[in-house]
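Worksheet for the structure shown next.
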Amino acid sequence: MIALLWRDWAHLLTIILTIMKTIMRQWLDKFIGDEHGANLIEMALVTMLLLIIMAGAADVGRAFNNYIIITNAAREGARTAARLPCKDDNRPQLRAAIVGAVLREATDSGVILVGGDVTIAPDPVGTGCAAAGAPVSVTVDYRTPTVMGGILGMNQIPMQSAVQMVFFGND
């Protein structure tokens with residue numbers, strides 16, 4: 001019984017699709033008449049698709065470039081944190097020097113960061129100095145703007161880079 005019903009529905013669907021195909025063909029023949037200009041329409045559709053793919057590739061390339069830049073900036077901040085002495089009287093200056101090194105490296109490469117994008121662990125001002133031989137970590141957060149964001153609903157690509165280096169000590 002179910003097989004009979006399925007066959008009837010399949011047959012009915014085939015008839016409906018055939019009728020729709022006939023109606024669409026008659027409508028197209030009425031308005032278009034022939035195939036002149038079909039190549040132009042196909043080219044326009046393919047060109048739009050290629051432009052969207054190229055813009056997406058440019059977004060990915062720019063995001064990768066910005067990731068390299070923030071990694072270099074985090075590395076520069078970690079290097080500064082590892083090399084400068086951390087004492088009780090220079091902790092705010094040390095933090096400012098680390099953040100300044102990160103911001104300078106990023107800005108020189110074309111990425112604009114603010115001090116809130118940089119996280120230092122251990123933070124010289126908040127948690128104190130790292131012990132000699134302990135790792136110092138500098139993390140940079142950044143959101144890369146995209147060209148295709150309006151279409152895909154993703155206006156920014158969030159990224160984060162963290163670099164660790166060994167603190168040399170206060171000698």
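The values are calculated or read from the model by the stated rules, or taken from the named source; none is laboratory data. Just so it is clear, the model here is predicted, and its values are computed rather than measured. Glycine gets a Cβ as well: all are built from the backbone with ideal geometry, and neighbour counts include every protein chain shown. Side chains included, ligands, DNA and RNA excluded: accessible areas come from the protein's heavy atoms. Shrake-Rupley method; radii C 1.70, N 1.55, O 1.52, S 1.80 Å.
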Conditions first: (1) open to solvent by 70 Å² or more (accessible area, probe 1.4 Å); (2) modelled with pLDDT of 90 or more. Asn66 passes all but one, so which condition is the exception? (1)
Is one or more of the residues making up segment 124-134 in contact with a helix residue (DSSP H, G or I) (Cβ under 8 Å, 6 or more places away or on another chain), open to solvent by less than 50 Å² (accessible area, probe 1.4 Å) and not in a loop (DSSP other than H, G, I, E, B)? no
Any idea which of (1) within 22 Å of Ile70 (Cβ to Cβ); (2) aromatic (Phe, Trp, Tyr); (3) in a loop (DSSP other than H, G, I, E, B) is the one Phe168 doesn't satisfy? (1)
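Listed residues Ser137, Ser109, Ser161; which is open to solvent by 30 Å² or more (accessible area, probe 1.4 Å) and of a type in the set (Ser, Thr, Tyr)? First the steps, then the outcome.
Working: Ser137 fails: open to solvent by 30 Å² or more (accessible area, probe 1.4 Å); Ser161 fails: open to solvent by 30 Å² or more (accessible area, probe 1.4 Å).
Ser109 is the lone residue from the list that is open to solvent by 30 Å² or more (accessible area, probe 1.4 Å) and of a type in the set (Ser, Thr, Tyr).
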I need every pair where a residue in segment 51-67 that is in contact (Cβ under 8 Å) with a residue 24 or more places away in the chain has its Cβ under 8 Å from the Cβ of a residue that is part of a helix (DSSP H, G or I) and of a type in the set (Val, Ile, Thr), sequence separation at least 6 or different chains. Ile52/Ile151
If you scan segment 140-158, which residues turn out to be open to solvent by less than 40 Å² (accessible area, probe 1.4 Å) and out of contact with any helix residue (DSSP H, G or I) (no Cβ under 6 Å at 6 or more places or on another chain)? Gly149
What is the residue count in segment 69-96 for residues that are within 16 Å of Ser137 (Cβ to Cβ) and open to solvent by less than 50 Å² (accessible area, probe 1.4 Å)? 11
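Which of the residues spanning segment 100-129 are aliphatic (A, V, I, L, M) and either over 21 Å from Asn65 (Cα atoms) or in contact (Cβ under 8 Å) with a residue 60 or more places away in the chain (or both)?
Of everything in segment 100-129, those that are aliphatic (A, V, I, L, M) and either over 21 Å from Asn65 (Cα atoms) or in contact (Cβ under 8 Å) with a residue 60 or more places away in the chain (or both) turn out to be Ile120, Ala121, Val125.
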